[in-house]
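Trainee: Here it is: the structure, laid out below.
The values are calculated or read from the model by the stated rules, or taken from the named source; none is laboratory data. Treat the numbers as computed from the prediction; the structure is a model and nothing was measured. When we count neighbours, we look across all protein chains shown, and the Cβ atoms used for this are built from the backbone with ideal geometry, even at glycine. The protein model used for the area step is the full one, side chains on, heavy atoms only, and it has no ligands, DNA or RNA in it. Shrake-Rupley method; radii C 1.70, N 1.55, O 1.52, S 1.80 Å.
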Amino acid sequence: RRNPYVHMNFFGLLNFQAPFLPWVLMGFSSLLGNSIIVDLLGIAVGHIYFILEDVFPNQHGGIRILKTPSILKAIFDTSDEDPNNNPLPEEWPGGFAWLEDQRLEG
């Protein structure tokens, strides 16, 4: 739903737009003889998530219901300026220091 105009294809046989991917996968699953209950449940959950995350918060007076708990943010969020982050020095591509002080004389 966030990319409604992206074109996709299924095994090079069927062209469709991205929002129809769950329905195409459900059709393929039914062609293989599988139950479509799991696919329908996934489509329903996906629609509920889309409405709670993208539609409802953008409505007048809407609030964001799905929020990441602060304990998870405290555990997994890292600051951009991590003093313990010492990246390994990278070798210059092609053995030439492209970013060193180079002046054009002219």
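Trainee: Please work out which residue is nearest to residue 29 (Cα to Cα), limiting yourself to the range 43-67 and to residues that are among the β-branched types (Val, Ile, Thr) and open to solvent by less than 80 Å² (accessible area, probe 1.4 Å).
Mentor: Step one: list which residues in the range 43-67 are among the β-branched types (Val, Ile, Thr), which gives 43, 45, 48, 51, 55, 63, 65.
Next cut, open to solvent by less than 80 Å² (accessible area, probe 1.4 Å) only: 43, 55.
Details: 43: 13, 55: 29 Å.
Selected residue: 43.
Trainee: Just to be sure I understand, how many residues within the range 28-50 are within 28 Å of residue 67 (Cα to Cα), of a type in the set (Gly, Ala, Ser) and either touching a helix residue (DSSP H, G or I) at 6+ places or on another chain (Cβ under 8 Å) or touching a residue at least 12 places away in the same chain (Cβ under 8 Å) (or both)? Walk me through how you get there before you give the answer.
Mentor: Taking the range 28-50 first, the residues within 28 Å of residue 67 (Cα to Cα) are 38-50.
Narrowing the set further to residues that are of a type in the set (Gly, Ala, Ser) leaves 42, 44, 46.
Filter once more, so that each one left must be either touching a helix residue (DSSP H, G or I) at 6+ places or on another chain (Cβ under 8 Å) or touching a residue at least 12 places away in the same chain (Cβ under 8 Å) (or both): 42, 46.
Summing the residues that are within 28 Å of residue 67 (Cα to Cα), of a type in the set (Gly, Ala, Ser) and either touching a helix residue (DSSP H, G or I) at 6+ places or on another chain (Cβ under 8 Å) or touching a residue at least 12 places away in the same chain (Cβ under 8 Å) (or both) in the range 28-50 gives 2.
Trainee: Another one. Which one is modelled with the lowest pLDDT, of the residues in the range 13-37 that are of a type in the set (A, V, I, L, M), outside any strand (DSSP E or B) and open to solvent by 60 Å² or more (accessible area, probe 1.4 Å)?
Mentor: In the first step, residues of the range 13-37 are kept if they are of a type in the set (A, V, I, L, M); the result is 13-14, 18, 21, 24-26, 31-32, 36-37.
Cutting the leftovers down to outside any strand (DSSP E or B) gives us 13, 18, 21, 24-26, 31-32, 36-37.
Next cut, open to solvent by 60 Å² or more (accessible area, probe 1.4 Å) only: 13, 25, 31-32, 36-37.
Working: 13: 82, 25: 86, 31: 89, 32: 90, 36: 89, 37: 92.
Looking at the filtered set, the residue picked out is 13.
Trainee: A follow-up question, please. Here is a list of conditions, (1) assigned to a helix (DSSP H, G or I); (2) more than 20 Å from the chain's Cα centre (by Cα); (3) of a type in the set (A, V, I, L, M), and residue 63 meets all of them except one; can you say which number that is?
Mentor: So residue 63 meets the others, but not (1).
Trainee: If you check residue 5 against the conditions, is it under 22 Å from the mean Cα position of the chain (by Cα), open to solvent by 80 Å² or more (accessible area, probe 1.4 Å), of a type outside the set (A, V, I, L, M, F, W, C) and at pLDDT 85 or above?
Mentor: No.
Trainee: Another one. Output the qualifying pairs, or none if there are none: Cβ atoms under 7 angstrom, residues six or more apart or on different chains, first residue in the range 53-73 and under 16 Å from residue 2 (Cα atoms), second residue open to solvent by less than 70 Å² (accessible area, probe 1.4 Å).
Mentor: Taking only residues 6 or more apart or on different chains, the pairs are 53/66; 56/62.
Trainee: Give all pairs with beta carbons closer than 7 Å in which a residue from the range 6-27 that is of a type in the set (Val, Ile, Thr) meets a residue that is outside any helix (DSSP H, G or I); count only pairs at least 6 apart in sequence or on separate chains.
Mentor: 6/17; 24/10; 24/14; 24/16
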